[in-house]
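Each value in this text was obtained by applying a stated rule to the coordinates, not by laboratory testing. None of the values given here were measured: they were computed from a predicted structure. Counting neighbours? That spans all protein chains shown, and the Cβs are built from the backbone with ideal geometry, glycine included.
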Amino acid sequence: MKKILTSAQIHLVDAHTIQTEPISSLDLMERAAQGVTNRLAELFHKDRRIIVFAGPGNNGGDAIAVARQMSLLGYRVSAYLFNVSDNISADCQANKNRMRHCPAVDFHEITSDFVPPQIAKEDVVIDGLFGTGLSRPLTGGFAAVVKYINSAEATVVSIDIPSGLMTEDNASNLMNHIVQADYTFTFGQPKLAFLFAENESYVGRVEVINLSLIDPDNASTATPYYIIEQADVVRMLKTRPRFSHKGTFGHACLIAGKQGMAGAAILASRACMRSGAGKLTVHTPQANVLPLQISIPEAILHIEPNADTFTKPFETTAYNAVAVGPGIGLDDATVRALSQQLHYHRGPLVMDADALNILAMHPSMMEQIPPDSILTPHKKELRGLIGASANSFEELQLTRKLAQQLRIYIIIKGANSAIVTPDGDVIYNTTGNPGMATAGSGDVLTGIILSFLAQDYSSLQASILGTYLHGLAGDIASKNLSEDSVIASDIIDHMPQAFRMIEG
């Protein structure tokens, strides 16, 4: 899995690369700038004017190098280097000196007053004011430059990170003093702040530029934050033995669907079977029998006696994995049944939807959750479990604390779904798209994770595989149908293509 590093660790990796490759810091800067330049040239025609805003540090050095390289490709370039304290970094100074040999660039070094250029809608603004080393909000003149950039209608491209944004926690930041980029070309790996919903308007579309950096991979770059890569999923997915039978792939049990909520049970059931489980039993009221038998004839039904919702806990030792929650409702009898089921059950559970809402209403029940269970809340359900938080970074820390306290896995659903482990690690998933923001999508994820758990994958493996393949199937569905047209059952229907892509 790819690490997500802090600002300080990023600089350690840079320094280690310079020492180990070996390469000079100036040549590494040139490599970074070349990566940005190559992408800019792919995106924008030469009739677009390039306006570069460079700060006094190495991010500014990157920007000045990009200005030179774009000019050499034949673009019209204006560059503004802000050196108001007469204290620019050595590599920024070196790139400033190189501008002497590039007279085609309309270059300005700002040491006092700044007269901003006229920026047209067709222009491309390159933001290289400040990079990942920023530790306090922008104020004064630099804040004014940021506001000027944000007021323009031009396309804005930030180098490495939008100026003013901090790499992790922005709770104390001045958010109107951050560049609002259309694109962020970041080096090595995404920064943690890029994965938070409230920062979307600043980072725009994120593209990672590989600089072949060398991580010392020791205590200095240890991190709790990771990103799933397809190679991780390929390695994790088991080969199905030739002499298999349905028992080889586990017997899953799903507790789902009160009267009128058969759809939740159907979606989770179909997703479970489509993800490779050998057998599935669905515990559901009599009212849901006909819809389930028509929609998912492969499932066995365990019928709730004399009730239209889940009211009677039952023995689950015969099952390899159990999931509870989709569409079960919040009736008092269901609350009591869930509490008793938690008491009786041994082994990890998958808990979603109304099961999570019941936990939020009765926090003392959380102590009954078996270790290694997997909870799959969306943001609103998560707030019921951890309480309110100021921003996504604080929300993440509270979730990590709860996962460690209860020794469970918590999957925060949404864009960049985060798998929080009992050790406090956070593993981000980058498959998926806005088309999956549709009713029933979470029920599908529950079914997929239940299937992997029944197939004797660990809770961590089931969480990673389930989240990644759920998103991948959604991406394939979106490509085939459009984001606007995807519904939850489309995700299930495209699971075979997702498996084929991974297995291929």
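Quick notes on this structure:
- ³J(HN,Hα) computed for each position of segment 172-181 - Karplus, 6.51 cos²θ - 1.76 cosθ + 1.60, integer Hz, glycine/proline x: 9, 7, 9, 6, 7, 10, 10, 5, 9, 7
- Counting 0.36 nm for each residue step from SER389 to ALA222 and taking away their Cα separation leaves a gain of 57.5 nm.
- Estimated at 0.36 nm per residue, the fully extended path between LYS380 and GLN118 surpasses their Cα-Cα distance by 89.9 nm.
- Label-point gap, in nm, between GLN230 and ARG500 - each point 7 angstrom along Cα→Cβ: 1.5 nm
- Protection proxy ranking for 30-38, 439-447, 204-212, using the average of other Cβ atoms within 10 Å per residue and placing the highest first: 439-447, 30-38, 204-212.
- Measuring nothing but how far apart in sequence close Cα pairs (under 8 Å, 6+ apart) lie, relative to its length, the chain scores a relative contact order of 12 percent.
- Spin-label model, THR239/LYS401: points 7 Å from Cα along the beta carbon direction are separated by 4.7 nm.
- Sequence-distant residues sharing a close amide H with ALA321 (under 5 Å, placed H): HIS251, CYS253
- Efficiency of FRET from Cβ geometry, LYS46 and HIS101, R₀ 25 Å, rounded to 0.05: 0.75
- Rounded tilt (10° steps) of 459-481 against the dominant C-alpha axis of the chain: 70 degrees
- Segment 45-91: C-alpha gyration tensor shape, a/c 1.5 cut-off, then a/b vs b/c: prolate
- Summing +1 for each Lys or Arg and -1 for each Asp or Glu among the other residues whose beta-carbon sits under 13 angstrom from that of GLY424 gives +1.
- Prolate/oblate/rounded label for the chain (Cα gyration tensor, a/c 1.5): prolate
- Annotation: peptides 411-421, 122-132, ranked by per-residue average of other Cβ atoms within 10 Å with the highest first, follow the order 122-132, 411-421.
- Amide H to amide H distances under 5 Å link GLU304 with THR284, GLN286, where only residues 5 or more positions off or on other chains count and H is placed in the peptide plane.
- The fewest-to-most ranking of PHE452, PHE243, PHE82, PHE114 by surrounding Cβ atoms within 10 Å reads PHE243, PHE114, PHE82, PHE452.
- If both residues of a DSSP beta bridge must be in the chain, then about 15% of such bridges are antiparallel.
- Residues SER458 and GLU298, FRET efficiency given R0 of 35 Å [Cβ-Cβ distance, rounded to 0.05]: 0.85
- Note that segment 333-339 has calculated 3J(HN,Hα) couplings of 5, 5, 4, 5, 5, 5, 4 Hz, one per residue in order, obtained from phi through the Karplus relation 6.51 cos²θ - 1.76 cosθ + 1.60 (θ = phi - 60°); glycine and proline are x.
- Computed on segment 2-223, with alpha-carbon pairs under 8 angstrom and 6+ residues apart, the relative contact order is 22 percent.
- Simple spin-label estimate for SER485 and ALA15 gives 5.5 nm between the two label positions (7 Å along the Cα-to-Cβ direction from each Cα).
- 3J(HN,Hα) along segment 184-194: 10, 9, 9, 9, x, 7, x, 8, 4, 4, 5 Hz, from the Karplus curve 6.51 cos²θ - 1.76 cosθ + 1.60 with θ = phi - 60°, whole Hz, x for Gly and Pro.
- Per-pair calculated FRET efficiency, R0 = 56 Å: ARG205 and ASP308 via Cβ, rounded to 0.05: 0.75
- Over segment 79-204, relative contact order from alpha-carbon pairs under 8 Å, at least 6 apart, %: 21 percent
- Amide hydrogen proximity for LEU375: with H placed 1.01 Å from N in the peptide plane, the residues at 5 or more positions away or on another chain lying under 5 Å are MET351, TYR409, ILE410, ILE411.
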